[in-house]
Amino acid sequence: MSDTGHDNPHVPGPSLWPIGFAIGIALLLLGLVLSSWIISAVGLVLVIVFGILWARDVTREVRGEVPEIEPETRAVAEEPAPPTAAAPAAPAPLPTYSRSRFLEATTIGIGAAIGAIVTVPVLGFTVLPSFTNLDETDADLGPIENFPKDTFVIATYLAQPEQGEVSRRTSFIRYNGLVENPASGGRLEPSFTILYSRCVHLGCPVQPNGPIDEQATKELDNGVVLRPVLAQSFGCPCHGGLYNSEGNRQAGPPVRSMDRQEYYIREGRLVLGPNFAVGNVSGTGADAKIARYPWSQPGTHVDGVEAWLYPIVPSQVID
Amino acid sequence: MAKAKSRRHSVVDTVVLQPLDWVDERTAAVRGTKWFLFRNVPRDSAWAQTLGSATLTAFIVQAVTGVILAMYYEPSSRIDPVSGKPVAYTSIEHITNDLTLGWLVRGMHRWGASVFVILLFLHMGRVFLYGAYKYPRELSWLTGVLLLVTGMLLGFTGYLLPWDQTAYWATVVGINLNATAPFLGPWLAQFLASGYEITGDALPKWYSLHMLVLPGAVIGLIFVHVYLVTRLGVSSPPWSSERAGRERPAAQPAGARAGLVRGSGGGD
């Protein structure tokens, strides 16, 4: 008991300023990484201010001002002493858990905060690229004279030319002739039926049921290949889905009609736009009434009771 | 003679036993190894109880051959200018046709995948039929179920990597099967495809899942699973005269067993 004095090395008094100093350093570095002078400047100010405060704290004893430190009070814990009081005469040890519990909680809390700061952006990078910046370039399929009237043409094209062949898509395109468009004041405009080739059962490549006119194949400069085909129906080789010439399901497991694509006529050329899902088509060709829905993955219902299972699909949120 | 023997003993002491003491004093590794390997098993354990270690062996074969294949495989959907085929498929052809014994290691990995999944099911069937999932081995069963799921996911993600027509379209169907799950299905499918359809980003993503994420998960789960088997022991078959489980212990105050109540030592 006599030499306990040796166990008390000189330590500076407790100080909160290092925390602010550390935040300042972190902000300064963050600003340098992000090349943001504002963040760097704020960090630098914090570093200087808290650095000075810290230095004042640490050197206080040297400068002769000894701070008054209040005696640490310890709340008596609410839990009663253990019932197994073998020696009731001995004074019960003071339950002094509040400080260690505080340190425990702050360690866990700060650890969780650091973990979240590191994890959240990484999780974002894991997930978000699959849902953002997916703009597929409009595919230019060449002059509309490439498309004979009332005949399907198998068009393959690159949806994202910079991605290469992996983005090659196929659509079945039928020219329905010039029709009056009431939306543009009854002007005569070319009408197309454009069926996207992916089966809406599970995404296999649907094939036209008819002979391909290989002699009439056209290859354009931008990787587009056009092959006329004599087909009035489309079948899927994977699970036997069958569609008619408007893309309506005739047989098999598909859950909706074939997807379609928006199209534009630009300077006499047919340009394909984004895909959309189709519930059902009534009528044919230019007179078809198309129940249009936001695009969703094959296999997901867009109408009827089953559509309640897919209340929000990605294409409704992004785009 | 006695002198020679004692001399040999002292050599053994110096070369083997003392170093093992030294290591064990610091790590408990020797005692741990004995705890892990030198266990009592029921007298009527038979071949059926070896399915678990057979599955583990199949996984180790997959891990080793997979690491070697990763040295030559390239997960890129770009068209190789020389072969005119995608880089991933070209690298698979290179492994199979050009590299010495590449056909063998790729074949081991390709067929070993099926062996692994088949053994998983046989092992699960054995545990189910023997009732070996009952108290106190419920968590062994649960970790085993997670291993079954991650093992199947390994098969699913590995199937895309050859990047041929079969791989591509089978994966399209698999992704769209996921899309039909209610509510989050379309989101999961778009994450797996890395876009509306499979894009060039999907192949390296699946490669990363296949060779980093899922094997890591499987290895972690195997450690838990094997620890539980070691701790709880092998169960005897249902027809055995030996007892397979143990009696449930007498009731204690809540938390006493885990050593969370003051005055209780915890444990068995």
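The values are calculated or read from the model by the stated rules, or taken from the named source; none is laboratory data. The structure presented is a predicted model; accordingly, all values stated were derived computationally and were not measured. Positions of Cβ are backbone-derived with ideal geometry, glycine not excepted, and every protein chain shown enters the neighbour counts.
Figure legend. Inter-residue proximity from region A:208-225: first residues basic (Lys, Arg), second residues surrounded by 14 or more Cβ atoms within 10 Å (Cβ to Cβ) and part of a strand (DSSP E or B), beta-carbon distance below 6 Å, spacing 6+ or different chains. Indicated pairs: A:LYS218/A:LEU226.
Scanning region B:162-200 for residues that are under 12 Å from A:PRO298 (Cα atoms) and touching a Cys at 6+ places or on another chain (Cβ under 8 Å) yields a count of 2.
Taking the criterion of being touching a residue at least 40 places away in the same chain (Cβ under 8 Å), part of a loop (DSSP other than H, G, I, E, B) and not small (Gly, Ala, Ser), the residues of region A:240-263 that qualify are A:GLU246, A:PRO253, A:PRO254, A:VAL255, A:ARG256.
For (1) surrounded by 17 or more Cβ atoms within 10 Å (Cβ to Cβ); (2) not in a helix (DSSP H, G or I), each residue gets a yes or a no:
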position	(1), (2)
B:SER76	yes, yes
B:PRO81	no, yes
B:ALA88	yes, no
B:SER91	yes, no
B:THR100	no, yes
B:VAL105	yes, no
B:TRP111	no, no
B:SER114	no, no
B:ILE118	no, no
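Within region A:303-319, residues that are free of Cβ contacts under 8 Å to residues at least 24 places away in the same chain sit with their Cβ atoms under 6 Å from residues that are part of a loop (DSSP other than H, G, I, E, B) and of a type in the set (Val, Ile, Thr), at 6+ positions apart or across chains, in these pairs: A:TYR310/A:THR300.
For region B:129-151, the set of residues classified as assigned to a helix (DSSP H, G or I) and not β-branched (Val, Ile, Thr) consists of B:LEU129, B:GLU138, B:LEU139, B:SER140, B:TRP141, B:LEU142, B:GLY144, B:LEU146, B:LEU147, B:LEU148, B:GLY151, listed by residue number.
Taken together, the residues in region A:120-174 that are within 13 Å of chain B (Cβ to nearest Cβ), outside any helix (DSSP H, G or I) and aliphatic (A, V, I, L, M) amount to 3.
Filtering region B:190-238 to residues that are hydroxyl-bearing (Ser, Thr, Tyr) and more than 30 Å from B:ASP44 (Cα to Cα) leaves B:SER194, B:TYR196, B:THR199, B:TYR207, B:SER208. Among the residues of region B:152-166, those identified as part of a loop (DSSP other than H, G, I, E, B) and either free of Cβ contacts under 8 Å to residues at least 12 places away in the same chain or at negative phi (or both) are B:LEU161, B:PRO162, B:ASP164.
Of the residues making up region B:91-144, just one is at positive phi and modelled with pLDDT under 95, namely B:GLY131. Can you work out which of the residues in region A:289-319 that are surrounded by 14 or more Cβ atoms within 10 Å (Cβ to Cβ) and farther than 23 Å from A:PRO253 by Cα is modelled with the lowest pLDDT? Applying the filter and picking the extreme gives A:GLN316.
Screening region B:195-206 for residues that are farther than 28 Å from B:MET124 by Cβ and in a helix (DSSP H, G or I) and picking the one that is farthest from the other protein chains (Cβ to nearest Cβ) gives B:PRO204. Exactly one residue out of B:ALA167, B:ALA217 is under 30 Å from A:SER315 (Cα atoms), more than 9 Å from chain A (Cβ to nearest Cβ) and of a type in the set (A, V, I, L, M), and it is B:ALA167. For B:LEU192, the criteria (1) part of a helix (DSSP H, G or I); (2) of a type in the set (A, V, I, L, M); (3) within 22 Å of the chain's Cα centre (by Cα) hold in every case but one, which is (3).
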